[in-house]
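Step one of this worksheet: look at the structure below.
The values are calculated or read from the model by the stated rules, or taken from the named source; none is laboratory data. For clarity, every value in this text was computed on a predicted model and none was experimentally measured. With ideal geometry, Cβ positions are generated from the backbone for all residues, glycine too; neighbour counts draw on all protein chains shown.
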Amino acid sequence: MNQKIVIGNWKNYLNYEESILLSKAISNISISDKTRVMISPNHLYLKEVNEILNKTNVEVIAQNLTSSNSSSDTGGITAVNLRNLNVNRSIIAHSEARIRQKNPQDVLNEIIPMGFQFVLCFEEIDQIPFDLLSNDFEIILAYEPVWAIGTGETASIDHINEIHEQVKSNLKDLQLNIPVLYGGSVNPSNSKDILESEFVDGVLVGGASTKIDQLEGILNSI
Ligand code: 13P
């Protein structure tokens, strides 16, 4: 895989005005062909952020989804409604979202037949439902050890390589061509080393992606 993927998960850090300002700033930066950028704003601002970024090659994705279609899912996010907003991909199973929703495998069982794209987070290899994965449409995996999320304690390169190499070897055995990203306290000082690893196809960035200089620093390290 030649391009590295950088996903900015803004979580719930930014208010409306900050989200719009940051989207406009991102729309003005030049992104090299070596990099693919996705931005995941707060769901409430998806439409506006998408309208700003859809003129660029930055893809806007959702932070989570809870159902595929309309149902009695109060407060949930459905794949069908995301598609209505021209959003065709979502992060799934982020550890911060998983604690308050149904089993990610049930959600995957519903959205995979729809061809709805996703970035599936895991912190243990046995959480990856290899039997559900396919090359039929683009799937992205993201290794996010919980202890590294938002703590400033980035996993060591050796640790990242060990996990990613194992996942990539399992994917290879199944002839699956799926990128594997790393997430957990990625910032401009550690992104170069992480992104240089042959086993790392990109990064899933939280806090640092909400500050334009840090996001640019990460993009420039590729
Ligand atoms: P931080 O980059 O803030 O550690 O967050 C990582 C993350 O959870 C991205 O989804």
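Scanning segment 152-161 for residues that are more than 16 Å from the ligand (Cβ to nearest atom) and touching a Ser or Thr at 6+ places or on another chain (Cβ under 9 Å) yields a total of 2.
Residues are listed down the side, and each one gets a yes or a no for (1) loosely packed, with under 13 Cβ neighbours inside 10 Å; (2) under 18 Å from the mean Cα position of the chain (by Cα):
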| position | (1), (2) |
| --- | --- |
| 126 | yes, no |
| 143 | no, yes |
| 172 | yes, no |
| 176 | no, no |
| 191 | no, yes |
| 197 | no, no |
| 201 | no, yes |
| 204 | no, yes |
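Within segment 20-43, residues that are assigned to a helix (DSSP H, G or I) and surrounded by fewer than 18 Cβ atoms within 10 Å (Cβ to Cβ) have Cβ atoms under 8 Å from residues that are modelled with pLDDT under 95 and charged (D, E, K, R) in these pairs: 27/55, counting only partners at least 6 apart in sequence or on another chain. Within the set 64, 69, the sole residue that is buried (at least 17 other Cβ atoms within 10 Å of the Cβ), among the polar types (S, T, N, Q) and either farther than 16 Å from residue 91 by Cα or without any contact (Cβ under 8 Å) to a residue 40 or more places away in the chain (or both) turns out to be 64.
Residue by residue, here is whether (1) charged (D, E, K, R); (2) in contact with an Asp or Glu (Cβ under 7 Å, 6 or more places away or on another chain); (3) surrounded by 15 or more Cβ atoms within 10 Å (Cβ to Cβ) holds:
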position: 120; (1), (2), (3): no, no, yes
position: 134; (1), (2), (3): no, no, no
position: 138; (1), (2), (3): yes, no, no
position: 153; (1), (2), (3): yes, no, no
position: 157; (1), (2), (3): no, yes, yes
position: 162; (1), (2), (3): yes, no, no
position: 184; (1), (2), (3): no, yes, yes
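One line per residue, one yes/no per condition, for (1) assigned to a helix (DSSP H, G or I); (2) out of contact with any Cys (no Cβ under 7 Å at 6 or more places or on another chain); (3) more than 11 Å from the ligand (Cβ to nearest atom):
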{"site": "164", "(1), (2), (3)": "yes, yes, yes"}
{"site": "177", "(1), (2), (3)": "no, yes, yes"}
{"site": "187", "(1), (2), (3)": "no, yes, no"}
{"site": "192", "(1), (2), (3)": "yes, yes, yes"}
{"site": "200", "(1), (2), (3)": "no, yes, yes"}
